[in-house]
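The values are calculated or read from the model by the stated rules, or taken from the named source; none is laboratory data. This one's a predicted model, so the numbers in the text were calculated from it and none came from an experiment. No Cβ is skipped: glycine too gets one built from the backbone with ideal geometry, and neighbour counts run over all protein chains shown. Side chains included, ligands, DNA and RNA excluded: accessible areas come from the protein's heavy atoms. Shrake-Rupley method; radii C 1.70, N 1.55, O 1.52, S 1.80 Å.
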Amino acid sequence: MMDEAMAENDEYFADFFRDLRNHRFSMILSEPLQIRFQGDTYEFGNENDAWVKWVSVPVLCYYEPVETLPVFGTQILVPKDPASPREDISCP
């Protein structure tokens, strides 16, 4: 997924975005997701920004965290009801 994010492969992510919009998943387990762009002045900033753009933003548009377990580095997300995109981001 990271390779496709770095390549900005719209076609690869089309089904993923549709599944998120349609709330195909009743729950998502992930590392804690954030929307924090870093830019190329940070080490691995471009990689971070690709992940934020192609994974974090779309997930957080349609799902919301209900539990974060820092000791395990895990976050539980469930569908937003109704999906209400954040004003500061553009949802796919």
Residue in segment 45-54 that is modelled with pLDDT of 95 or more and touching a strand residue (DSSP E or B) at 6+ places or on another chain (Cβ under 9 Å) present: no
Among the listed residues PHE44, PHE37, which satisfies the condition of being under 19 Å from SER90 (Cα atoms) and of a type outside the set (D, E, K, R)? PHE37
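For residues that are within 13 Å of the chain's Cα centre (by Cα) and open to solvent by less than 40 Å² (accessible area, probe 1.4 Å), scanning just segment 80-92, find the one that is modelled with the lowest pLDDT.
Taking segment 80-92 first, the residues within 13 Å of the chain's Cα centre (by Cα) are 85-86, 89-92.
From what is left, the residues that are open to solvent by less than 40 Å² (accessible area, probe 1.4 Å) are 89, 91.
Working: ILE89: 73, CYS91: 83.
Restricting to residues being within 13 Å of the chain's Cα centre (by Cα) and open to solvent by less than 40 Å² (accessible area, probe 1.4 Å), the top hit is ILE89.
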Can you tell me which residue within segment 1-60, out of those that are open to solvent by 90 Å² or more (accessible area, probe 1.4 Å) and aromatic (Phe, Trp, Tyr), is nearest to the chain's Cα centre (by Cα)? PHE37
Would you be able to tell me the number of residues in segment 61-79 that are under 20 Å from MET2 (Cβ atoms) and loosely packed, with under 15 Cβ neighbours inside 10 Å? 2
